[in-house]
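Since the structure comes first, as structure tokens, the remarks are kept for the end.
None of the figures in this text is laboratory data; all of them are computed from the coordinates on show. As the structure is a computational prediction, the values presented were derived from the model and not from experiment. Here the Cβ is made from the backbone with ideal geometry for all residues, glycine too, and neighbour counts use every protein chain on show.
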Amino acid sequence: MSIVEKAVDKHRKLDKLTPIKDKRVINDARIGGGPHIPTGAGQVDIELNHEQLAKEGLTPYGETADKIVDEFRRIKRPLLSAAFEEHQEGAERENLVMIASALPAEGKTFTAMNLAMCIALERDRTVLLVDADVAKPHVSRILNVHNEPGLMDLLQDHTIDIGDVLLQTDMPSLKIIPAGQRHRHAAEMLSSQRMEAIAEELATRYSDRIILFDTSPILQTSEAQSLATLMGQLVLVVHAGQTPQRAVNRTLELLGDRKIDIVLNKCRAPASSPYYGGYYGQN
Ligand SMILES: Nc1ncnc2c1ncn2[C@@H]1O[C@H](COP(=O)(O)OP(=O)(O)OP(=O)(O)O)[C@@H](O)[C@H]1O
Ligand SMILES: [Mg+2]
């Protein structure tokens, strides 16, 4: 039995399975299925085009959309409770959550976007989605804010305030920090002390918010590993049946001795299968 399977097996009974099915039928489904509520007060910088998000494959659609949204509800619960309810000794910045994966195209951006929207539907919860994949700023591109100042600008210019790069979407509880201006030393900047200071400021100044980071693949970039050290929680997205076992093992090694939530993405196995979802606790 592989390490992921063992982990899944170990935690199945704890009801922490987080399966996501791979279903792609075009329809203008709105995540959460609820009505689109305009902010009313304040400026809206980004109008979420749900049809476009679905067409780009960033939100689920069709008859299975509700099921997938339900799966994201289950994923968000332990993250929210670790961030705001359980106060574990020695835990820091629990409201900073990195969405990671070993390799490209495992579903980090899909997971980050859907989790963000799902959390934003919670009463009294605000979510901030940071596009920290500055090499491939997928979130910024899809939301058409790739030319707006963002994380890279914060890293370069100490006079810029986080509030200056924070964009309000038309979901009142969902805010975005775009990737910002490209920089050839982006990797070094994301691994710098300035990045640590920004992470600390985000965690403390916005302590009532959950802050999700969409990032680059752990095994392909050094900055993703550095970012992981700054985060209170890690979600490792694994493309089920696709990501080689050794890649998952290596990633877990690099992430070190800490608790990691595993999301087995794009699952096709039946619900009863132990391959179907997962949670990996390393302590
Ligand atoms: N659960 C899912 N159901 C259907 N399609 C999915 C699912 N997860 C991801 N995808 C699709 O898989 C592709 C890759 O997903 P995504 O862009 O989120 O991966 P990524 O890990 O962010 O990749 P990269 O490392 O290149 O940024 C996208 O086309 C996305 O629409
Ligand atoms: Mg991505």
Taking Met189, Met98, Met152 and counting other C-beta atoms within 10 Å, the order from fewest to most: Met189, Met152, Met98
Exposure proxy order (Cβ contacts within 10 Å, fewest to most) of Ile198, Ile177: Ile198, Ile177
The stretch 51-93 - Debye-derived log10 I(q)/I(0), Cα point model, q = 0.17, 0.26, 0.33 Å⁻¹: -0.61, -0.87, -1.07
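Among Met195, Met117, which comes first, then next, by fewest other beta-carbon atoms within 10 Å?
Met195, Met117
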Rg/Rh ratio calculated on Cα atoms of the stretch 177-219 (Kirkwood radius): 0.98
